[in-house]
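Remarks on the structure that follows.
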Amino acid sequence: MSFADLGLSPKLLEAISKAGYENPTPIQKEAIPPALEGRDVLGIAQTGTGKTAGFTLPMIDRLAKGRAKARMPRSLVLAPTRELAAQVSENFEKYGINHKLSMALLIGGVSFGDQDAKLTRGVDVLIATPGRLLDHFERGRLLLNGIEVMVVDEADRMLDMGFIPDIEKIFKLTPITRQTLFFSATMPAEIQRITDQFLHNPVRVEVAKPATTADTITQRIVKMPAKDDKLKRNALRELLRGEDVKNGIIFCNRKSTVDIVAKSLQKHGFNARPIHGDLAQAFRMETLDKFRNDEIQFLVASDVAARGLDIPAVSHVFNYDVPIHADDYVHRIGRTGRAGRKGAAMMLVTGADGKYYDAILKTIGASEIETLDFTEFFDANPVNDTRRRKGDERKDNKGARRKKKRDDDKTAKRVGSSDEQPDVAQPDVAQARDKQPDADNAQPARRKRSDGKKKASRRRESAPDPVVGLGDHVPAFITRAVERC
Ligand code: AMP
């Protein structure tokens, strides 16, 4: 079956061939025809299956006729993260090259003013994260009763992040006559409830069983002899130096670990950069762009980057930490081996990870994952040595740890999150920040406090010697005679 058989317009077929696609992927084959007929579609598909084009292409065809009115977008795509939303907008640009559709991207970390100006001019396609969309709506800058098509992308991720109440609210703000295209990699009960409530007689399209890994990915693990961060970083470097490693994403469970690993790799001469939810949006976007353009070889990432990011041709995924949620393993390694390409995934497993590792095996339906023989490496890097060094380091690191705790506290204040939490549930940090009016005031408040402290110490410097007890001086009221009654 070719794209022409799906019923897409010649203008779209031209854009598709320009994108270099020869044949539709399974989800495209199954979702595009009913979507073109105006039916609701429930797509159960992971990223990497071509689902974005699966909803973008029929939307463009539908929106080709008609004009947008001010503040009344004609279609809406909801995505859980800013990166994913930005990616969807890139897809619209790519496939809509022969159409004059106006588009606005409502995501956190970007000025309201620019977004508002676009809405005023009228948009055919509105792509948004739920929080930012509702912010605009609640400010009265947006009407959703002109929505003809609504897409919910990565619904299970929305669920993980607590966006379901927002999604329900948004559904209720759009006309009941809208067409809904709804995508999720898995169908937990809560998602099923939403689709039962808001989709009308949908065509159900399922292309891969939930939590399956692509056959094109070679999975391997390294069994670490101890839970030792230094040894893990050494082992990681050894893996990164592998012959066939073109580029890769290194996943860590915590934002603080992402920072440490990225810094360590940079120190050892690797072209690596961190990406996680606490980093500024501009930095995250720049990092992703550079990674896509091969200007950066390794991305050290938290799970924020695990889902939904379309980074073509990643040769390797490295799990520096065993993910706590087995599903995250599937999403992480899904960054490689995409669209039929070959990929490799490697994971460092310590004795302490046993429970999580077992859960991963269960999820992927395997009894074991091939173990890389690292004995020579461990012989050359004995754990005991490392432990002894660790003892020395402990002393040296006390100050560093205290400083890190101070920094972490500051970071937590800045975005209302904690590094003690895995970076899985807060992709649109600006959203959190937007909802925290105090965040921007944190700095002046700290400044005030530290000014106060300085003043106090200056006062101490200029004050006379402090009085301990009463000293030689006895105040007059104490020596005054007291009349007895
Ligand atoms: P997605 O699942 O939408 O994130 O898409 C995954 C990757 O597949 C993206 O890099 C797309 O550009 C690519 N892709 C989408 N449709 C096709 C197709 N029909 N043929 C080849 N690659 C495709």
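Among the residues of region 43-80, write down those that are within 13 Å of the ligand (Cβ to nearest atom) and assigned to a loop (DSSP other than H, G, I, E, B).
ALA45, GLN46, THR47, GLY48, THR49, GLY50, ALA79 - these are the residues of region 43-80 that are within 13 Å of the ligand (Cβ to nearest atom) and assigned to a loop (DSSP other than H, G, I, E, B).
Surrounded by fewer than 22 Cβ atoms within 10 Å (Cβ to Cβ) and under 19 Å from the mean Cα position of the chain (by Cα): does that describe GLU90?
Details: surrounded by fewer than 22 Cβ atoms within 10 Å (Cβ to Cβ): yes; under 19 Å from the mean Cα position of the chain (by Cα): yes.
Yes, satisfied.
Report whether or not GLY38 is at pLDDT below 95, at positive phi and surrounded by fewer than 22 Cβ atoms within 10 Å (Cβ to Cβ). Show your work before the answer.
Values: at pLDDT below 95: no; at positive phi: yes; surrounded by fewer than 22 Cβ atoms within 10 Å (Cβ to Cβ): yes.
In short, no.
Being in the same structural domain as ASN145 (by TED's automatic domain parsing), farther than 25 Å from ARG141 by Cα and within 13 Å of the ligand (Cβ to nearest atom) is the requirement here; does ILE32 meet it? Walk me through how you get there before you give the answer.
Values: in the same structural domain as ASN145 (by TED's automatic domain parsing): yes; farther than 25 Å from ARG141 by Cα: yes; within 13 Å of the ligand (Cβ to nearest atom): yes.
Against the criterion (in the same structural domain as ASN145 (by TED's automatic domain parsing), farther than 25 Å from ARG141 by Cα and within 13 Å of the ligand (Cβ to nearest atom)), ILE32 qualifies.
Table: residues versus (1) of a type in the set (A, V, I, L, M, F, W, C); (2) part of a strand (DSSP E or B).
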| site | (1), (2) |
| --- | --- |
| LEU159 | yes, no |
| GLU168 | no, no |
| THR180 | no, yes |
| THR186 | no, no |
| HIS200 | no, no |
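From (1) modelled with pLDDT of 90 or more; (2) hydroxyl-bearing (Ser, Thr, Tyr); (3) in contact with a helix residue (DSSP H, G or I) (Cβ under 8 Å, 6 or more places away or on another chain), pick out the condition that doesn't hold for THR363.
(1)
Quick one: how many residues across region 331-352 are in contact with a helix residue (DSSP H, G or I) (Cβ under 8 Å, 6 or more places away or on another chain), within 16 Å of the ligand (Cβ to nearest atom) and at pLDDT 85 or above?
Adding up the residues that qualify gives 2.
What residue, among those in region 1-35 that are crowded, with 22+ Cβ neighbours inside 10 Å and in contact with an Asp or Glu (Cβ under 7 Å, 6 or more places away or on another chain), is farthest from ILE97 (Cα to Cα)?
Selected residue: LEU8.
Is it fair to say LEU101 is away from the ligand (no atom under 13 Å from the Cβ), more than 30 Å from MET187 (Cα to Cα) and assigned by TED's automatic domain parsing to the domain that holds PRO130? Outline the logic, then answer.
Numbers: away from the ligand (no atom under 13 Å from the Cβ): yes; more than 30 Å from MET187 (Cα to Cα): yes; assigned by TED's automatic domain parsing to the domain that holds PRO130: yes.
The answer is yes for LEU101.
The values are calculated or read from the model by the stated rules, or taken from the named source; none is laboratory data. Only a predicted model underlies this, so the values are computations on that prediction, with no experimental measurement involved. Cβ atoms come from the backbone with ideal geometry, glycine included; neighbour counts cover every protein chain shown.
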